[in-house]
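Undergrad: The structure's right below; bear with me while I get my questions together.
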Amino acid sequence: MKIKRRYNQFAALPTLNLEEFEALTDLLYEAVGGNRSAICRILGIDRRTWDKWITEPPTWPWWNVVLRLAIKHMMIGMHGRRGSPAAKHVAYVRDALARIPNNTELVDEITLQAWQFSAAEEHLRKLLAPGPLAWDRIKLVANSGGFTPRQLRLAANSLGIVKDREFGGSSMWSLPEVGED
């Protein structure tokens, strides 16, 4: 017995919002300082594809979603960081962000996640100031400060936390030495 399937009721694919696509690509270009190779690595595309988009935008309707996600993750790392790009570069990025249609949702997400990221870094600094601590103890509810293990790991990578794995046990985390980079 064959099962017949009905394919005649597919929803129509939305079309790519070209205005938003151009604003998002401009923002991504500004965020990486004009490095086209970096943009291609972030998006997982070939450099020729990026060059082609300059004259002929893509037709796949979900590129705006992909671009928003990539920008969000990049901007979270840039937001309020020590050693961040020059104020002029940050101003260009903010201007490009303002040109994106419906950008308030994106700006709110970036701001909230950047705040959580910096708060997780500050929490780790305070927790590890007295000395090294085992990862198992850091991720306990009493010591985690309400942050997820993933947020704590990302903050640790950003701070350059030294992780020494003990034989048969969990890793010991400690703040980097002052002269260490």
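Undergrad: Where residues in the stretch 30-40 are surrounded by 16 or more Cβ atoms within 10 Å (Cβ to Cβ) and over 15 Å from the mean Cα position of the chain (by Cα), which of them is modelled with the lowest pLDDT?
TA: My answer is GLU30.
Undergrad: On to the next question. Look at the stretch 46-74 and say how many of its residues are part of a helix (DSSP H, G or I) and in contact with a Cys (Cβ under 8 Å, 6 or more places away or on another chain).
TA: Step one: of the stretch 46-74, the residues part of a helix (DSSP H, G or I) are 47-55, 63-74.
Still in the running and in contact with a Cys (Cβ under 8 Å, 6 or more places away or on another chain): 47, 49-50.
Within the stretch 46-74, residues that are part of a helix (DSSP H, G or I) and in contact with a Cys (Cβ under 8 Å, 6 or more places away or on another chain) number 3.
Undergrad: Determine, yes or no, whether PHE21 is surrounded by 13 or more Cβ atoms within 10 Å (Cβ to Cβ), out of contact with any Lys or Arg (no Cβ under 7 Å at 6 or more places or on another chain), of a type in the set (Phe, Trp, Tyr) and at pLDDT 85 or above.
TA: Details: surrounded by 13 or more Cβ atoms within 10 Å (Cβ to Cβ): yes; out of contact with any Lys or Arg (no Cβ under 7 Å at 6 or more places or on another chain): yes; of a type in the set (Phe, Trp, Tyr): yes; at pLDDT 85 or above: yes.
The answer is yes for PHE21.
Undergrad: Next up: Quick one: would you say LYS126 is surrounded by 14 or more Cβ atoms within 10 Å (Cβ to Cβ), free of Cβ contacts under 8 Å to residues at least 60 places away in the same chain and in the same structural domain as ARG165 (by TED's automatic domain parsing)?
TA: Judged against the criteria, LYS126 is not a match.
The values are calculated or read from the model by the stated rules, or taken from the named source; none is laboratory data. What you are looking at is a predicted structure, and each value in this text was computed from that prediction instead of being measured. Every residue, glycine as well, gets a Cβ built from its backbone with ideal geometry; the counts of neighbours run over all protein chains shown.
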